[in-house]
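The values are calculated or read from the model by the stated rules, or taken from the named source; none is laboratory data. Computed from a prediction, not measured in an experiment: that's the story for all the values here. Note that each Cβ is placed from the backbone with ideal geometry, even for glycine, and that neighbours are counted across all protein chains shown. Side chains are part of the model used for accessible areas, which takes the heavy atoms of the whole protein and leaves out ligands, DNA and RNA. Shrake-Rupley method; radii C 1.70, N 1.55, O 1.52, S 1.80 Å.
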Amino acid sequence: MNKLDMESKNIVNENIEKISELFPNVIVESNTGKTIDFDLLRQELSNDIVEGTKEKYQLTWPGKKEAMVHSNIPSKSTLRPVKEKSVDFDNTQNIYIEGDNLEVLKILQESYLNKIKCIYIDPPYNTGNDFIYNDKFKKDIDEELLESGQIDEEGNRMVTNNQSNGRFHSDWLSMMFSRLKLVRNLLSDSGIIFVSIDSNELVNLVKILDMIFGESNKLGIISTINNLKGRSDSEFFATCNEFLVVYAKNKEKASIKGFEIDNEEIDNDYKYEDEISKYKPVGFRKTGNGWKREERPYMYMYYPVIEKNGIYNTVSKEEYYKIYDVNKKVFDDEFVNKLKEKYEKQGYKFILPEDENGNCGRWRWGIETFYAEKDINLCFNNAGSLCTKMRATIENGSIRMKSAKTLWYKPEYDTGTGSKILKNVFENQNYFDNPKSLIYIYDILKICLENNDIVLDFFSGSATTAHAVMQLNSEDNGNIKYIMAQLPEKCDENSEAYRNGYKTICEIGEERIRRAGAKIKEETNADIDYGFRVYKVDSTNMKDVYYTANDLEQSNIGEFKENIKEDRTTDDLLTQVILDLGLTLDLNIEEKMIGKNKVYYVAGNSLVACFDDNIDIDIVDKICEYEPYKVVFKDSAFKTDNDKINLKERFKKLLPQRASDKGYISIL
């Protein structure tokens, strides 16, 4: 039988295994197991002899290596369900997690690897009086809370990062780097991350995102006007904007849609109209980056366009295959000139993608697209230049720009709007200073999400992102899902929120989701998921003996008959098992009684678990009827090793097709 790890993925060991596949000679042994000889690895990655440290372009700061270590250390923390705070726990697919987001991101590594389509975060801006996460802990102070990531050595989880601090930028960078490094693993291949920031740390944020995601995956830096009048307390320039930094996990697979266009913009920008739609002519010759014909040497983007009597075509395939010599890797311009002379004699207009200086570029379309689009989307503008008809995207009956721009402004993005919306939710009570505008977050999600995608916000604050997801879903009965994570930071005892019964930020965020969901349901009657499952970060359900059983003396064994903490429920155990097996937190869970035993079924037959201390061997027959992929029992359910063997043999007999599956039956 397999013993569950009951801790988060060991990223270091996984990376070592990946490197060993490429460079097995750099793997050596140490007291802690496999490790890497970095001198050998550096040599493997260099064409020159590596003799010492060389200058290089990079961002570094005091604590950078420590931040990398923090992100790599496995976590024994787990999540515990809080059903009394949840809404429709049994059916919802939305998740709200109370706890330190570094621990949360570690816990989610296995279950949500490559599953998150969009991440939006609004982290501390490091303005000089912000709270930032303190990731330094001492094990000897309040062990239980410390392990669960809820406090620091002074009993606080967040610290004020004053500008007088000698590591002012460094502490912020370390805090952000460790989290962004982990979160990249969670993004799907087409996933996108949006980070709100102001000018204080914009440059540093871009540099660490370049390090983690790669500079080539930067999609843009958007300037958002959020205070058109400007802030009167600005010293030299009245600040009226902040920034939205956008990166993709893989730029080639990412997709950003445009915004809806108002009537005035349509009239001003899309002045022309044909039988299909309004359009604006855009030069058919590629401009900007990658405009040269050498960028697509195999003629797919460089070919003559011939036109006569409004009919567009190109030279024959036999002819354009001769334009580029594959063997010599050169363009035959002399042959092109002969083609030009030939077709002009036949009355054709012969057009090449050349600029005003005669430099050869390329077209916007490859040859296959040309044949598909030429009759409906090619035209000449008033200046006689060949153009393609740029049409606004039609989506759900609304006209949208093809691309979102890098300057965003709506009056509703104003900092006061977020407060007004939140006060409206809480019946004119003000619990947050300058929360993000619902309309702003809604617009971010609108341009990148499709139905059934998952959104993650691990600085969720007042839960604007969850509110925006419900608003978006309500328009078309969609099923976009969210995961919110927020430290249960205590509200000031003198605050309005505290006086009204909200002791932590999480309590405000959770209540906002409840109220916003009820309001949306009342206004739209949309058939969507208004619920959410609440989980809290806590230390592992297992006693230390579970992880260090080999260190016990024979005389101590009797003291540890039970390896599960006394205050933990079967729901707690099930959640940790779900995470340990890499299943997601939104799966359907059913409880069934088989004889005297309570049995959990997760996502049908994906996982079957029973955590009773005494199990009837006959339950195996009922369990096997569902042909489960994974089965889990408590170790204490078996009095002897023979009981475990008998159980395993019973499964093997009833489900021979599963017998060879590694870890099919596990114990904890």
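In summary, residue 118 fulfils each of the numbered conditions (1) open to solvent by 60 Å² or more (accessible area, probe 1.4 Å); (2) at pLDDT 90 or above; (3) not hydroxyl-bearing (Ser, Thr, Tyr) with the single exception of condition (1). In segment 403-438, how many residues are closer than 30 Å to residue 391 by Cβ, outside any helix (DSSP H, G or I) and not polar (S, T, N, Q)? The total comes to 6.
Hey, does segment 260-276 have a residue that's touching a Lys or Arg at 6+ places or on another chain (Cβ under 8 Å), surrounded by 14 or more Cβ atoms within 10 Å (Cβ to Cβ), modelled with pLDDT under 85 and basic (Lys, Arg)? So far as segment 260-276 goes, no, none of its residues is touching a Lys or Arg at 6+ places or on another chain (Cβ under 8 Å), surrounded by 14 or more Cβ atoms within 10 Å (Cβ to Cβ), modelled with pLDDT under 85 and basic (Lys, Arg). Cβ separations smaller than 8 Å between residues 6+ apart or across chains give the following pairs from segment 360-382 residues that are outside any loop (DSSP other than H, G, I, E, B) to residues that are of a type in the set (S, T, N, Q): 361/287; 367/314; 370/314; 373/388; 374/313; 377/388; 378/388; 379/388. The listed residues are 486, 471, 429, and the only one of them that is within 22 Å of residue 525 (Cα to Cα) and in contact (Cβ under 8 Å) with a residue 12 or more places away in the chain turns out to be 471.
Residue check: is residue 370 more than 22 Å from residue 271 (Cβ to Cβ), touching a Gly at 6+ places or on another chain (Cβ under 8 Å) and modelled with pLDDT under 95? Answer is no for this residue. Of the residues making up segment 498-511, those that are under 28 Å from residue 108 (Cβ atoms) and either in a helix (DSSP H, G or I) or open to solvent by 40 Å² or more (accessible area, probe 1.4 Å) (or both) are 503, 505, 506, 507, 508, 509, 510, 511.
If I go through segment 220-237 residue by residue, how many of them are open to solvent by 60 Å² or more (accessible area, probe 1.4 Å), out of contact with any Asp or Glu (no Cβ under 8 Å at 6 or more places or on another chain) and not charged (D, E, K, R)?
Taking segment 220-237 as the starting set, the residues that turn out to be open to solvent by 60 Å² or more (accessible area, probe 1.4 Å) are 221, 228-229, 231-233, 235-237.
Right, trim to out of contact with any Asp or Glu (no Cβ under 8 Å at 6 or more places or on another chain) and you get 221, 229, 231-233, 235-237.
Among the residues that remain, those that are also not charged (D, E, K, R) are: 221, 232, 236-237.
Number of matching residues: 4.
Within segment 278-310, restricting attention to residues that are over 15 Å from residue 364 (Cβ atoms) and out of contact with any strand residue (DSSP E or B) (no Cβ under 8 Å at 6 or more places or on another chain), the residue that is least open to solvent (accessible area, probe 1.4 Å) is 310.
Condition first: out of contact with any Phe, Trp or Tyr (no Cβ under 8 Å at 6 or more places or on another chain) and at pLDDT below 85. Now tell me which residues in segment 292-301 satisfy that. Before the answer, list the steps.
Keep residues of segment 292-301 that are out of contact with any Phe, Trp or Tyr (no Cβ under 8 Å at 6 or more places or on another chain), which gives 292, 294-295, 300.
Answer for segment 292-301, where residues must be out of contact with any Phe, Trp or Tyr (no Cβ under 8 Å at 6 or more places or on another chain) and at pLDDT below 85: 294, 295, 300.
Quick one: which residue in 571, 621, 643 is in a helix (DSSP H, G or I), in contact with a Pro (Cβ under 6 Å, 6 or more places away or on another chain) and on the phi < 0 side of the Ramachandran plot? Spell out how you get there, then give the answer.
Working: 621 fails: in contact with a Pro (Cβ under 6 Å, 6 or more places away or on another chain); 643 fails: in contact with a Pro (Cβ under 6 Å, 6 or more places away or on another chain).
That would be 571, the only listed residue that is in a helix (DSSP H, G or I), in contact with a Pro (Cβ under 6 Å, 6 or more places away or on another chain) and on the phi < 0 side of the Ramachandran plot.
Taking first residues from segment 629-646 that are more than 15 Å from residue 664 (Cα to Cα) and of a type in the set (Ser, Thr, Tyr) and partners that are open to solvent by 50 Å² or more (accessible area, probe 1.4 Å) and at pLDDT 85 or above, the Cβ contacts under 8 Å between residues at least 6 apart in sequence or on separate chains come to 636/613. Scanning segment 43-91 for residues that are open to solvent by 50 Å² or more (accessible area, probe 1.4 Å), out of contact with any Phe, Trp or Tyr (no Cβ under 9 Å at 6 or more places or on another chain) and either among the hydroxyl-bearing types (Ser, Thr, Tyr) or at pLDDT below 80 (or both) yields 43, 47, 48, 49, 51, 53, 54, 55, 56, 57, 58, 60.
The lone criterion from (1) touching a Phe, Trp or Tyr at 6+ places or on another chain (Cβ under 7 Å); (2) open to solvent by 40 Å² or more (accessible area, probe 1.4 Å); (3) modelled with pLDDT of 95 or more left unmet by residue 485 is number (2). Listed by first and then second residue, the pairs linking a residue in segment 537-551 that is part of a loop (DSSP other than H, G, I, E, B) and open to solvent by less than 10 Å² (accessible area, probe 1.4 Å) to a residue that is modelled with pLDDT of 65 or more and among the β-branched types (Val, Ile, Thr), with Cβ atoms under 7 Å apart and 6 or more places separating them unless they lie on different chains, are 540/78; 541/78; 541/564.
Note on segment 473-482: residues that are open to solvent by 10 Å² or more (accessible area, probe 1.4 Å) and either within 20 Å of residue 99 (Cα to Cα) or within 18 Å of the chain's Cα centre (by Cα) (or both) total 3.
Checked against the criterion of being open to solvent by 40 Å² or more (accessible area, probe 1.4 Å), out of contact with any helix residue (DSSP H, G or I) (no Cβ under 9 Å at 6 or more places or on another chain), touching a residue at least 40 places away in the same chain (Cβ under 8 Å) and on the phi < 0 side of the Ramachandran plot, the candidates 533, 514 yield just one match: 514. May I ask you to verify whether residue 661 is closer than 22 Å to residue 583 by Cβ and either touching a helix residue (DSSP H, G or I) at 6+ places or on another chain (Cβ under 8 Å) or in a strand (DSSP E or B) (or both)? It is false that residue 661 is closer than 22 Å to residue 583 by Cβ and either touching a helix residue (DSSP H, G or I) at 6+ places or on another chain (Cβ under 8 Å) or in a strand (DSSP E or B) (or both). Taking (1) in a strand (DSSP E or B); (2) under 14 Å from residue 90 (Cβ atoms) in turn, residue 585 satisfies each apart from (1).
Please enumerate the residues belonging to segment 321-345 that are outside any helix (DSSP H, G or I) and either β-branched (Val, Ile, Thr) or in contact (Cβ under 8 Å) with a residue 24 or more places away in the chain (or both). Passing the criteria: 324, 326, 329, 330, 331. So, in segment 450-460, of the ones that are in contact with a strand residue (DSSP E or B) (Cβ under 7 Å, 6 or more places away or on another chain) and surrounded by fewer than 22 Cβ atoms within 10 Å (Cβ to Cβ), which residue ends up farthest from residue 101 (Cα to Cα)? The qualifying residue farthest from residue 101 (Cα to Cα) is 453.
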